[in-house]
Amino acid sequence: MNTKMLLLLFSVLLFENSYSCDCKEKQAVNIAVENSALVIRGRILDAEYSKPLNQNQDYLDSLSKKMNRLYFEPQRVNEYIVLVESSYKGASNLDTLIIRTGLGSGDCGLLLDIGAEMIFYGRAVEEGSGFYDVAPMPLFQTSSCSRTCYFSRKEEKTIQSVLR
């Protein structure tokens with residue numbers, strides 16, 4: 001009996017922080033474009049990994065979220081400053097913007113390198129969302145569950161054909 005209890009305790013402690021991203025199959029391009037507020041080709045100019053968000057503000061949508069941020073660690077995100085090289089949807093008058101994702105440790109976030117050329121599919125970040133914090137430029141979020149990927153001509157041509 002003691003061996004079983006010890007094994008159970010060890011398993012709980014060992015796997016306590018193991019989470020996994022649970023995405024459905026990758027969406028078809030036409031569905032991804034339709035479901036996204038933003039579809040761009042962009043180059044990552046700067047990155048801040050595991051950035052703590054300042055969410056102890058009045059714009060949080062409930063008292064419980066505000067209290068949560070006071071007693072626990074702040075929400076953390078990977079934040080990327082992106083140069084818009086081509087806009088297919090949602091950024092026709094923007095040259096740079098901010099894209100936020102989760103950290104990539106089971107929260108479907110992306111860990112991307114500075115200088116990477118990407119095709120981003122994203123949604124606008126609105127007040128009250130988990131990715132919201134005051135930002136100096138337009139703010140979007142994406143995840144590994146979207147079609148966000150490294151740039152390829154094939155993906156670009158498929159996007160262009162969907163938008164015709």
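The values are calculated or read from the model by the stated rules, or taken from the named source; none is laboratory data. Because the structure is predicted, anything quoted here is derived from the model rather than measured. All Cβ positions, glycine included, derive from the backbone under ideal geometry; neighbour counts span all protein chains shown.
Give me the residue from segment 10-34 that is aromatic (Phe, Trp, Tyr) and surrounded by fewer than 11 Cβ atoms within 10 Å (Cβ to Cβ) and, out of that set, modelled with the lowest pLDDT. Among those that are aromatic (Phe, Trp, Tyr) and surrounded by fewer than 11 Cβ atoms within 10 Å (Cβ to Cβ), it is PHE15.
Beta carbons closer than 7 Å, at least 6 apart along the sequence or on distinct chains, pair a first residue in segment 142-162 that is touching a residue at least 12 places away in the same chain (Cβ under 8 Å) and under 20 Å from ALA37 (Cβ atoms) with a second that is surrounded by 15 or more Cβ atoms within 10 Å (Cβ to Cβ) and of a type in the set (Phe, Trp, Tyr) for THR142/PHE120; THR142/TYR121; SER146/TYR121; ARG147/TYR121; THR148/PHE120; THR148/TYR121; ILE159/TYR88.
Would you confirm whether any residue within segment 35-52 is out of contact with any strand residue (DSSP E or B) (no Cβ under 9 Å at 6 or more places or on another chain) and either at pLDDT 95 or above or not in a helix (DSSP H, G or I) (or both)? For segment 35-52, residues out of contact with any strand residue (DSSP E or B) (no Cβ under 9 Å at 6 or more places or on another chain) and either at pLDDT 95 or above or not in a helix (DSSP H, G or I) (or both): absent.
Scanning segment 140-164 for residues that are surrounded by fewer than 18 Cβ atoms within 10 Å (Cβ to Cβ) and basic (Lys, Arg) yields ARG153, LYS154, LYS157, ARG164.
None of LEU110, LEU97 is closer than 18 Å to SER50 by Cβ, without any contact (Cβ under 8 Å) to a residue 60 or more places away in the chain, out of contact with any His (no Cβ under 6 Å at 6 or more places or on another chain) and surrounded by 20 or more Cβ atoms within 10 Å (Cβ to Cβ) except LEU110.
Yes/no matrix, rows are residues, columns are (1) loosely packed, with under 14 Cβ neighbours inside 10 Å; (2) of a type in the set (D, E, K, R); (3) more than 12 Å from the chain's Cα centre (by Cα):
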| residue | (1), (2), (3) |
| --- | --- |
| ILE114 | yes, no, yes |
| ILE119 | no, no, yes |
| GLU126 | yes, yes, yes |
| VAL134 | yes, no, yes |
| PRO138 | no, no, yes |
